[in-house]
Each structure stands twice: as C-alpha cells, then as structure tokens.
Amino acid sequence: MIKGGLSKSLRQDRAVWILDVTGVWLFVGKAITLGGTYYFANIVNQSLSRIPTIKLLPRISSVPVQIVLYLLLADLVGYWLHRTFHKIPALWMLHKFHHSATEMGVFTARRDNPLVVPLFILFTGLPVSIFGAPSEVPLWITFFAILHSLIIHSQIPSDWGFFGRWVLVSPYGHTVHHSKASHHLNKNFCFMFPLWDHVFGSYYGGSDEVVAIGVDEPDSGRSLVRALIDDTGSCIGVSLKAALSWYGLSVSPGPRAAPLDRHDGMNI
Ligand SMILES: [Zn+2]
Ligand SMILES: [Zn+2]
C-alpha cells in the first residue's frame, strides 16, 4: 500500500472491477476479437452437445452431496484449465495480466484479461454437460464462491491451518500462487479445494513469507490500456504463428516471452 492512497496495482484492480461489473470489460473482449469469442463459444457449445453424457448428479438423491460433487468437478476442471493457462504461451499472455498485480487486494480477484473469463465459463461448463447439474444450487453457494474468491485475494495473512491445507484454499495459499519466489512457481493452482493440488503434486506445503508478488518488469507496472493491447496482441500473434507452424507455413518458432519462462519446468 502506498502512503496516502492505493497503489497503482490496486487502482487498476478497482478500475477493472468497475469495468467488469458494468459489462464494459466483456464488451471490450468481444470488440477486440471482432466477435471471435461468440464464434468460439458456438464451436465449443456444439462440441459439448456431442459429448456422451451420463447425467450422474441428478440421479443422486441428496442435494448437498450433488452440490459437493459438482463443486469438486468444477474445481478439477478449473485446476487443469488454470495449469494450461500457465503452460501454453498464447494462454499465458492472457493470464499474465492477473499475475501482474504487485499487491494483493480483494478486487485482484477480478483482474483478468476480458478474454479469460469467457474461456473459463465455457470450459467449467464441461462437467455440467457430462455429469448434469445439481437439481438445485442454493444462492448462498454462488455468493460463497464469490466471497471466497475475494477473501483469497485479500491481504489477510492467514493459512487457516489444517483447514487451509486440506479443505479450502486460504489467502496464504493463493498468495503463494502469485509469488515471484522461484520455489513458489507453479504451485497452488486450485481455486477452491487444495485437494487437486495435493493429488497432482502442485501443492506448496511450506509456510515461509511471500516477499513479493507479480511478474517481471515491464509486465508489472504497465498501464491498463497498454497491458490490454500488448497481452491480447501477443496472444493473437503467438496463436497465428503456432497455427502457421502447424500447417508447415512457417519454419521459425514463435517468440517466447520472458515472463513465461519463469513458469517453465511444469509438466502437465
Ligand atoms: Zn495463475
Ligand atoms: Zn489470483
């Protein structure tokens, strides 16, 4: 926190939050892809409709059990999607903005490139397509999920002990995910349940202090407009180069941005 006011990072978080809740951020995402997100969504929805479904959840008589299973499945998909955003260069270009925050704050929870949120919504819908949705999802579950997301991005310096280690992701647990320290990299991908990090070997079991968060300069410290233009442009550029290489139309590999290299070493 900067004396006398919010830091630049927290002011950006607040600005993105305002743009997000007013719908402007989503509109920006549609505009800069010339509606491409709509086209992509249609392809994904059509693909999902062809997946064989087993509709397991509606067959379970207990609604609380349905909800717990649903949240576990959604978090499992979210876990692998998050790991993939760190692994694939074009996706890291989009996710990098979330990690460019230099200070945690509740609004950091909504600090995302406008193209990231539709992708997450589309793919976390996958378990619903296959396993069905719970018969009813109480409003407090949605409220709790949003509240939890705000809390883990807050500056509450707590790991919640056993509860944070095994039951629910704590503020410390997610701050480790944002840490710049090399021994914290590629750790704690789960959004809600640490279980999947334990299962897939990415849980950080230490308790040392997180000294600094963010990505390397100049990606931390950019203006909002600059970050939006740079990251979206890089994502599109890297994707096109990868597509051209795929079809044998380019012999030179696409550039790898320096901030991505700090995330190398992860094996999906
Ligand atoms: Zn991340
Ligand atoms: Zn975060």
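The values are calculated or read from the model by the stated rules, or taken from the named source; none is laboratory data. Since this is a predicted model, take the numbers as computed values, not measurements. For neighbour counting, all protein chains shown are included, and Cβ atoms are generated from backbone atoms with ideal geometry for every residue, glycine included.
Restricting attention to region 131-169, the residues being under 14 Å from residue 106 (Cβ atoms) and without any contact (Cβ under 8 Å) to a residue 40 or more places away in the chain number 3. Those residues that are among the charged types (D, E, K, R) and within 15 Å of ligand 1 (Cβ to nearest atom), I need them from region 99-126; list them, please. Those that are among the charged types (D, E, K, R) and within 15 Å of ligand 1 (Cβ to nearest atom): 110, 111, 112. For region 88-98, the criterion of a residue being free of Cβ contacts under 8 Å to residues at least 60 places away in the same chain, surrounded by 21 or more Cβ atoms within 10 Å (Cβ to Cβ) and more than 15 Å from ligand 1 (Cβ to nearest atom) is satisfied by no position.
Any residue at all in region 166-174 that is within 11 Å of ligand 2 (Cβ to nearest atom), polar (S, T, N, Q) and buried (at least 18 other Cβ atoms within 10 Å of the Cβ)? No, because not a single residue in region 166-174 is within 11 Å of ligand 2 (Cβ to nearest atom), polar (S, T, N, Q) and buried (at least 18 other Cβ atoms within 10 Å of the Cβ). When region 115-143 is filtered for residues that are within 16 Å of ligand 2 (Cβ to nearest atom) and in contact with a Leu (Cβ under 6 Å, 6 or more places away or on another chain), only 116 remains.
Take the residues in region 51-83 that are part of a helix (DSSP H, G or I), more than 16 Å from ligand 2 (Cβ to nearest atom) and within 30 Å of residue 240 (Cβ to Cβ); name whichever of them is modelled with the lowest pLDDT. The selected residue is 77. Taken together, 220, 182, 129 contain a single residue that is under 24 Å from residue 80 (Cβ atoms), among the polar types (S, T, N, Q) and within 16 Å of ligand 1 (Cβ to nearest atom), which is 182.
For region 122-159, filtering for residues that are assigned to a loop (DSSP other than H, G, I, E, B) and either closer than 13 Å to residue 170 by Cβ or out of contact with any Lys or Arg (no Cβ under 7 Å at 6 or more places or on another chain) (or both) leaves 14.
Filter region 85-114 down to residues that are in contact with a Leu (Cβ under 6 Å, 6 or more places away or on another chain) and assigned to a helix (DSSP H, G or I) and give me whichever is nearest to ligand 2 (Cβ to nearest atom). My answer is 109.
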